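Peer 1: Handing you this structure, nothing more for now.
Each value in this text was obtained by applying a stated rule to the coordinates, not by laboratory testing. Everything numeric in this text was worked out from a predicted model, so none of it was measured. Cβ atoms come from the backbone with ideal geometry, glycine included; neighbour counts cover every protein chain shown.
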Amino acid sequence: MDQPTRQRRGLLIVLSSPSGAGKSTISRMLLEADGEVTMSVSATTRPMRPGEAEGVDYHFVDDGEFDRMIAANEFVEWAHVFGYRYGTPKAPVKAALRKGRDILFDIDWQGARQLEPDFGEHLVTIFLLPPSMAELEHRLHTRGQDSDEVIADRMRRAADEIDHWAEYEYVLVNRDMDACLDRVRAIVSAERSKRVRQTDLVEFVRDLIGPQH
């Protein structure tokens, strides 16, 4: 007979890195490998790219709607990134946490910092470093998404983003995607097992050893 699923608190897993260091790839791999993790869908003012879908990759909104959402306090966090604004809607995050679901955030240090006051007890923050700045630039060129001018701008910003590495609980050097994924999954597994996140543990242990203890 299958054992009933144990209850636990949900995690807010923040995965950050400079552009090109692998956070989007590792995020996708983690979602494919772990059915308990769902991706946070941000709202953004940037245009939709080919292959993206509304409500799947992002909620695409104009500046007026983004301003309204800020004024209505509908964001957990929001930030300016490469000329556009990105924000995480609050309602889906709270609903997922109530159900013990884990939510993955592909955000930068600004967003991670904004999550801390309201959701600090749920946060697991992971920063990915590239093996070298030369390798980072190589990855930006080989993915073929940006012009040389945009890549140069991303490289200028990368040092500033890396400068915030010490604000994260976990820091990994992403030399190999599969090995990096294994380490991220190990972190998530350990965080799920923490005593404070297992909400039914007191009752479970009481039943385990009996009322005499």
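Peer 1: In degrees between 0 and 90, to the nearest 10, how far off the longest principal axis of the chain does helix 133-142 point, with axes built from Cα atoms?
Peer 2: 80 degrees
Peer 1: Please pull out the direction-averaged projected area of segment 17-89, using the convex hull of its alpha-carbon atoms, in nm² to one decimal place.
Peer 2: 5.6 nm²
Peer 1: Continuing with this model, one more query. Can you list residues from other chains, or at least 5 along the same chain, whose modelled amide H is less than 5 Å from the amide H of residue 129?
Peer 2: Under 5 Å from the amide H of residue 129 lie the amide H atoms of 172, 173, 174, each far enough along the sequence or on another chain.
Peer 1: Between segment 144-213 and segment 20-70, how many Å separate their Cα centres?
Peer 2: First find each Cα centre; the distance between them is then 19 Å.
Peer 1: Enumerate the lysines that residue 99 could reach by cross-link, defined here as Cα to Cα under 23 Å, with residues fewer than 8 away along the same chain left out.
Peer 2: By straight Cα distance, residue 99 reaches 90, 194.
Peer 1: Which value, in nm² and rounded to one decimal, describes the direction-averaged projected area of the C-alpha convex hull of segment 56-175?
Peer 2: Details: hull surface 35.6 nm².
Mean shadow area of the hull around the Cα atoms is 8.9 nm².
Peer 1: Okay, next question. For residue 208 and residue 98 in one chain, what is 0.36 nm times their gap in residues minus the Cα-Cα distance, to one decimal in nm? Before the final figure, lay out each step's value.
Peer 2: Details: separation 110, 0.36 × 110 = 39.60 nm, distance 2.59 nm.
Separation in residues times 0.36 nm, less the Cα-Cα distance, equals 37.0 nm.
Peer 1: Can you work out the Karplus-derived ³J(HN,Hα) for every residue in segment 172-180? Use 6.51 cos²θ - 1.76 cosθ + 1.60 with θ = phi - 60°, whole Hz, and x for glycine or proline.
Peer 2: Result, ordered by residue: 10, 8, 8, 7, 9, 4, 5, 5, 5 Hz.
Peer 1: If you wrap a convex hull around the C-alpha atoms of segment 114-208 and split its volume per residue, what is the figure in Å³?
Peer 2: Values: hull volume 12.9 nm³, N = 95.
Expressed per residue, the convex hull around the Cα atoms of segment 114-208 is 136 Å³.
Peer 1: Next question, about the same structure. Counting pairs of alpha carbon atoms under 8 Å apart in space and at least six apart in sequence, what relative contact order in percent does the chain give? Mind showing how you got there, number by number?
Peer 2: Working: 289 pairs, mean separation 68.2, N = 213.
Worked out over the chain, it gives 32 percent.
Peer 1: What distance in nm lies between label points placed 7 Å from Cα along the C-beta direction at residue 150 and residue 39?
Peer 2: Spacing of the two 7 Å Cα→Cβ label points: 1.7 nm.
Peer 1: Please work out, to two decimal places, the log10 of the ratio I(q)/I(0) at q = 0.15, 0.16, 0.18 Å⁻¹ from a Debye calculation in which every Cα of the chain carries one identical scatterer.
Peer 2: Log-scaled intensity ratios, in q order: -1.03, -1.16, -1.42.
Peer 1: For segment 10-139, with only Lys/Arg (+1) and Asp/Glu (-1) charged at the beta-carbon, what is the dipole magnitude about the Cα centre, in debye rounded to 20?
Peer 2: 140 debye
Peer 1: While we're here: Just the number, please: percent antiparallel of the DSSP beta bridges in segment 41-140, rounded to the nearest 5. Walk me through the numbers on the way to the answer.
Peer 2: Working: 8 of 12 bridges.
Taking every DSSP beta bridge within segment 41-140, about 65 percent pair in antiparallel fashion.
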